[in-house]
Amino acid sequence: MDVTGDEVQAAVALADSMTTDTLEGIRDHYRDAVEELLAAKAHGERTHGRTVGELSSPDNQRQEPEQAFGAQ
């Protein structure tokens, strides 16, 4: 398959428009929730039946991808 220079430029422009140079303001809420579960287990708390998605912290509520990744 041959790809033209214009196609490559369009692909690069698209990728650039969907990325950022900084991770500032981006937070991994799933990781936070897993760490919270692990900490509870380490302190001997019962975690049976709890899932990452059921944690009470408002920061760990499900978000749409645009919200989770800070899209503007």
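Note on the stretch 14-39: residues that are surrounded by 10 or more Cβ atoms within 10 Å (Cβ to Cβ) and either of a type in the set (Gly, Ala, Ser) or under 30 Å from residue 49 (Cα atoms) (or both) total 14. Here the helices (runs of 4 or more DSSP H) wholly within the chain that include at least 3 residues being modelled with pLDDT under 85 are 65-68.
The values are calculated or read from the model by the stated rules, or taken from the named source; none is laboratory data. The structure displayed is predicted, hence computed values, not measured ones. As a convention, Cβ positions derive from the backbone with ideal geometry for all residues, glycine included, and neighbour counts pool all protein chains shown.
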